[in-house]
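Trainee: Dropping the structure in here first, questions after.
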Amino acid sequence: EKGGYDYFMLKEIAEQPKAVADTLLGRIDAGGSLRLDEVRIGASELREVDKVVIVACGTAFHAGLIAKYAIEHWTRIPCEVELASEFRYRDPIMDQQTLVVAISQSGETMDTLMALRHAREQGARVLAICNTNGSTIPRESDAVLYTHAGPEVAVASTKAFLTQLVACYLVALYLGQVRGTKWGDEIRAVIRDLSQISGAVERVLETMEPVRELARSLAAKNTVLFLGRHVGYPVALEGALKLKELAYMHAEGFAAGELKHGPIALIEDDLPVVVVVPSPRGRSVLHDKIVSNIQEIRARGARTIVIAEEGDEAVVPYADHLIRIPATPTLLQPLVATVPLQVFACELATARGNEVDQPRNLAKSVTVE
Ligand code: F6R
């Protein structure tokens, strides 16, 4: 059942190229446009949406944080992302023109379910992004876009996360497509890139041995920090979450620009800091700023573990360890940048003698509030 792998998590990490491809299957037509008729919210209603609110927990929340960048960029609709457990307690503002997107692998997470019930009571329309057919969250939503990751058994979410990202990009691009924005050409180009992305995930998986080796060498450490910017920031949060739940290590993700506002005081000699570097081609200002962040922390003794695009030479002098990922459009980078962080956490858990598929104190589906 583990298909020759020692753990379900390893099997599920390896299944990611297929999970990503399956989630795109049948949703891009021959002309390169998106077909999401299954969502069953009419184009006219989607044109009236004036706010998107994403609710989710844990890893699914990180997918939502990434979705915000895509939705706001391609559609110009304001998007909020909120932890489902916080959402209804602050009396959020919603009406019929609000589209609430509830993201959940299991479809049974109580916090997310309560948030979407609250949203529907306020008159908002709810779209679920879910991996489990017929589960409670899609049943109680107005519409659903299923992720096709297949069953995820390991408690730590991996392939479900990547497919949640794909589904979020599909929603963002589709909203852009039906509403028409100035990014029409970019949207068509990104749909093309998305249809190739499974191959890029595959290539990342083929180059993970040095990441495993690095993880084993850090097994005795107590703390690892993760830095990112733009969509790399939620990737950093996800890397830190994976490490907490699997390796039981103190791990924190920061927005790299926040470093100077406090967290830089944490940097000490030989502290491992993982940095997710944005593409030097896309938003190059961000790239240059993060390169100076890497310089700053390294000057203070950090051991820098740099995740950067192939061909990005600017990071080389400041990287103690360099992990290469294929070049992708800026907004799609999380699909490739997350993978080394999953492998890193899984290998550290193994090296520390932890139970990979069943981390202590955790359950696969959290059905209590
Ligand atoms: C982390 C993890 C959890 C879940 C969260 C939401 O690896 O698995 O953080 O992502 O409990 O679960 P779902 O997506 O089932 O609502």
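The values are calculated or read from the model by the stated rules, or taken from the named source; none is laboratory data. Since the structure is predicted, the reported quantities are computational estimates derived from the model, not experimental observations. In this analysis, Cβ positions are derived from the backbone assuming ideal geometry, glycine residues included, and neighbour counts consider all displayed protein chains. Side chains are part of the model used for accessible areas, which takes the heavy atoms of the whole protein and leaves out ligands, DNA and RNA. Shrake-Rupley method; radii C 1.70, N 1.55, O 1.52, S 1.80 Å.
Trainee: Is the shape of region 84-183 best called rounded, prolate or oblate, per the rule: a/c under 1.5 gives rounded, else a/b larger than b/c gives prolate, else oblate, with a ≥ b ≥ c the square roots of the Cα gyration tensor eigenvalues? Don't jump to the answer; show the numbers that get you there.
Mentor: Numbers: a/c = 1.95, a/b = 1.10, b/c = 1.77.
Since a/c reaches 1.5 but b/c is at least a/b, the shape of region 84-183 is classed as oblate.
Trainee: Rounded to the nearest whole Å³, what is the per residue volume of the convex hull around the Cα atoms of region 221-369?
Mentor: 121 Å³
Trainee: A further question follows. Would you mind classifying region 1-144 by shape? Square roots of the alpha carbon gyration tensor eigenvalues, ordered a ≥ b ≥ c; an a/c under 1.5 is rounded, otherwise it is prolate if a/b is larger than b/c and oblate if not.
Mentor: oblate
Trainee: Heavy atoms only, probe 1.4 angstrom, no DNA, RNA or ligands counted: give me 57, 79 ranked by accessible area, highest first. Display every interim value, and only then the final one.
Mentor: Numbers: 57 40, 79 5 Å².
From most exposed to least exposed: 57, 79.
Trainee: Name the residues of region 237-265 whose amide N is less than 17 Å from a point 7 angstrom out from the Cα of residue 299 along the C-beta direction?
Mentor: 257-265
Trainee: Oh, and also: Once phi is turned into θ = phi - 60°, what whole-Hz ³J(HN,Hα) does the Karplus curve with 6.51, -1.76 and 1.60 give for every residue of region 215-231, x standing for Gly and Pro?
Mentor: 4, 4, 5, 9, 4, 8, 6, 9, 9, 9, 9, 10, 10, x, 9, 6, 5
Trainee: Going by alpha carbons, how many degrees (0 to 90, nearest 10) lie between the helix axis of 334-351 and the longest principal axis of the chain?
Mentor: 50 degrees
Trainee: Here is a follow-up. Working from the pairwise distances between different alpha carbons, so that the mean of 1/r is found and then inverted, what is region 138-248's Kirkwood radius in Å?
Mentor: Numbers: mean 1/r = 0.0588 Å⁻¹.
Kirkwood radius, region 138-248: 17.0 Å.
Trainee: Leaving ligands and nucleic acids out of the surface, order 142, 288, 269 by accessible area at 1.4 Å, largest first.
Mentor: Accessible-area ranking of 142, 288, 269, largest first: 269, 288, 142.
Trainee: Within straight cross-link reach of residue 260, meaning Cα distance under 18 Å, which aspartates and glutamates are found once same-chain residues fewer than 8 apart are removed?
Mentor: Cα-Cα hits under 18 Å: 252, 268, 269, 288, 296.
Trainee: Let me ask you something else. When only C-alpha pairs under 8 Å and at least 6 residues apart count, what is the relative contact order of the chain, in percent?
Mentor: Once divided by the residue count of the chain, the mean separation gives 19 percent.
Trainee: Using a 1.4 Å probe and counting only protein heavy atoms, arrange 76, 281, 203 so the residue with the most accessible area comes first. Please report the intermediate quantities before stating the final value.
Mentor: Values: 76 165, 281 145, 203 120 Å².
Largest accessible area first, the residues go 76, 281, 203.
Trainee: Using Cα-Cα distances under 8 Å and only pairs 6 or more residues apart, what relative contact order does region 108-220 have, in percent?
Mentor: Numbers: 77 pairs, mean separation 16.6, N = 113.
Relative contact order for region 108-220 comes out at 15 percent.
Trainee: Enumerate the calculated ³J(HN,Hα) couplings along region 284-300 in order (Karplus 6.51 cos²θ - 1.76 cosθ + 1.60, θ = phi - 60°), each rounded to whole Hz, writing x wherever the residue is Gly or Pro.
Mentor: 5, 4, 4, 4, 5, 5, 6, 4, 5, 4, 4, 4, 4, 6, 5, 4, 9
Trainee: Here's a follow-up. Can you list the HN-Hα couplings for region 152-169, worked out from phi with the Karplus curve (6.51, -1.76, 1.60; θ = phi - 60°), rounded to whole Hz and with x for Gly and Pro?
Mentor: 10, 9, 4, 4, 6, 7, 10, 5, 5, 4, 4, 6, 5, 4, 4, 4, 5, 4
Trainee: Next question. What full-extension length gain, to one decimal in nm, is calculated for residue 133 and residue 216 as 0.36 nm per residue of separation minus the Cα-Cα distance? It would help to have the intermediate numbers written out before the result.
Mentor: Working: separation 83, 0.36 × 83 = 29.88 nm, distance 3.77 nm.
Contour length minus the Cα-Cα distance gives 26.1 nm.
Trainee: Then there's this: Collect residues whose amide H, placed 1.01 Å from N in the peptide plane, falls under 5 Å from the amide H of residue 323; neighbours closer than 5 in sequence don't count.
Mentor: Excluding prolines and chain starts, which carry no amide H, the hits are 306, 307, 308.
Trainee: Once every Cα of the chain carries one equal point scatterer and solvent is ignored, give the base-10 log of I(q)/I(0) from the Debye formula at q = 0.07, 0.09, 0.10 Å⁻¹, two decimals.
Mentor: Listed by q, the Debye log ratios stand at -0.28, -0.48, -0.59.
Trainee: Sticking with this one: Within 12 Å, Cβ to Cβ, of residue 35, how many net charges do the neighbouring residues add up to if Lys/Arg are +1 and Asp/Glu are -1? Could you put the intermediate results ahead of the total?
Mentor: Values: positive: 27; negative: 29, 37, 38.
Value of the local net charge: -2.
Trainee: So how tilted is helix 110-121 from the main axis of the chain? Cα-based, degrees 0 to 90, rounded to 10.
Mentor: For 110-121 against the chain, the angle is about 30 degrees.
Trainee: Amide H of residue 81: which non-local residues (sequence gap of 5 or more, or other chain) have their own amide H closer than 5 Å, using H built in the peptide plane?
Mentor: For residue 81, whose amide H was placed from the backbone, the distant partners under 5 Å are 54.
Trainee: May I pose another question? Set the Förster distance to 45 Å, then compute FRET efficiency between residue 43 and residue 284 from the Cβ-Cβ distance, nearest 0.05.
Mentor: The formula returns an efficiency of 0.80 here.
Trainee: Rounded to a whole number, what % of the accessible area of the chain do carbon and sulfur atoms account for, probe 1.4 Å?
Mentor: Numbers: 7110 of 14690 Å².
Looking at the chain in its full context, I get 48 percent from C and S.
Trainee: From Cα pairs below 8 angstrom and at least 6 apart in sequence, can you work out the relative contact order of region 9-120, rounded to a whole percent? Please report the intermediate quantities before stating the final value.
Mentor: Details: 114 pairs, mean separation 30.8, N = 112.
Reported relative contact order: 28 percent.
Trainee: Also, quick follow-up: Let me have the 222 nm mean residue ellipticity of the chain computed from DSSP H runs of 4+ only, each contributing -39500 (n - 2.57), with the sum over all residues rounded to the nearest 500.
Mentor: About -14000 deg cm²/dmol.
Trainee: What pairs in 182/364; 51/159; 68/242; 2/51; 221/289 have C-alpha atoms more than 32 Å from each other?
Mentor: Correct reply: 182/364; 2/51.
Trainee: Which FRET efficiency value, to the nearest 0.05, is calculated for residue 97 and residue 265 with the Förster distance at 51 angstrom and r the Cβ-Cβ distance?
Mentor: Working from the Cβ atoms, E equals 0.70.
Trainee: Mind checking the full-extension length gain between residue 368 and residue 153? Use 0.36 nm per residue of separation minus the Cα-Cα distance, one decimal, nm. Please list the in-between numbers first.
Mentor: Details: separation 215, 0.36 × 215 = 77.40 nm, distance 1.94 nm.
Length difference between fully extended and current span is 75.5 nm.
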